[in-house]
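None of the figures in this text is laboratory data; all of them are computed from the coordinates on show. Since the structure is predicted, the reported quantities are computational estimates derived from the model, not experimental observations. Here Cβ is always computed from backbone atoms with ideal geometry, including for glycine, and neighbour counts include all displayed protein chains.
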Amino acid sequence: MEEKCPKCGGVMILGEIRFDSDTVMPSQMNAYMTGIPSSPLPNVYQNSTSRPYWEEKTGRKTGFILKSDEKKILKIKASRCSLCGYVEMYAVEKPEES
Ligand SMILES: [Zn+2]
């Protein structure tokens, strides 16, 4: 089943909103972590891409002594129209992370 753009009826392509961060793990750090300083491994770029998420209050309180608002985290899915570029976003229940 294909999603149709609400604006122009074009085909919607499912995607994800991401932010690129240019944090690079220094190669010295890599050597330290692998324990093989002479390793011919190429510089490993830390995968520090972060994704935005949706947060909402559930209206309930969590915590025993320190009460705080219980929050619900939802992932944001998006689809983009291949014709006009319209982006539609959905907040979806985050699957259990293992
Ligand atoms: Zn469109």
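Modelled spin-label separation between LYS7 and TYR90, with each label point placed 7 Å from Cα along the Cα-to-Cβ direction: 1.9 nm.
In this simple spin-label approximation, PHE19 and SER50 carry label points 7 Å from Cα along the Cα→Cβ vector, and these lie 0.5 nm apart.
The residues neighbouring CYS81, those whose beta-carbon lies less than 13 Å from its own, together hold a net charge of 0 under the Lys/Arg +1, Asp/Glu -1 convention.
Ranked by the mean number of other Cβ atoms within 10 Å of their residues, highest first, the peptides 64-76, 2-14 fall in the order 2-14, 64-76.
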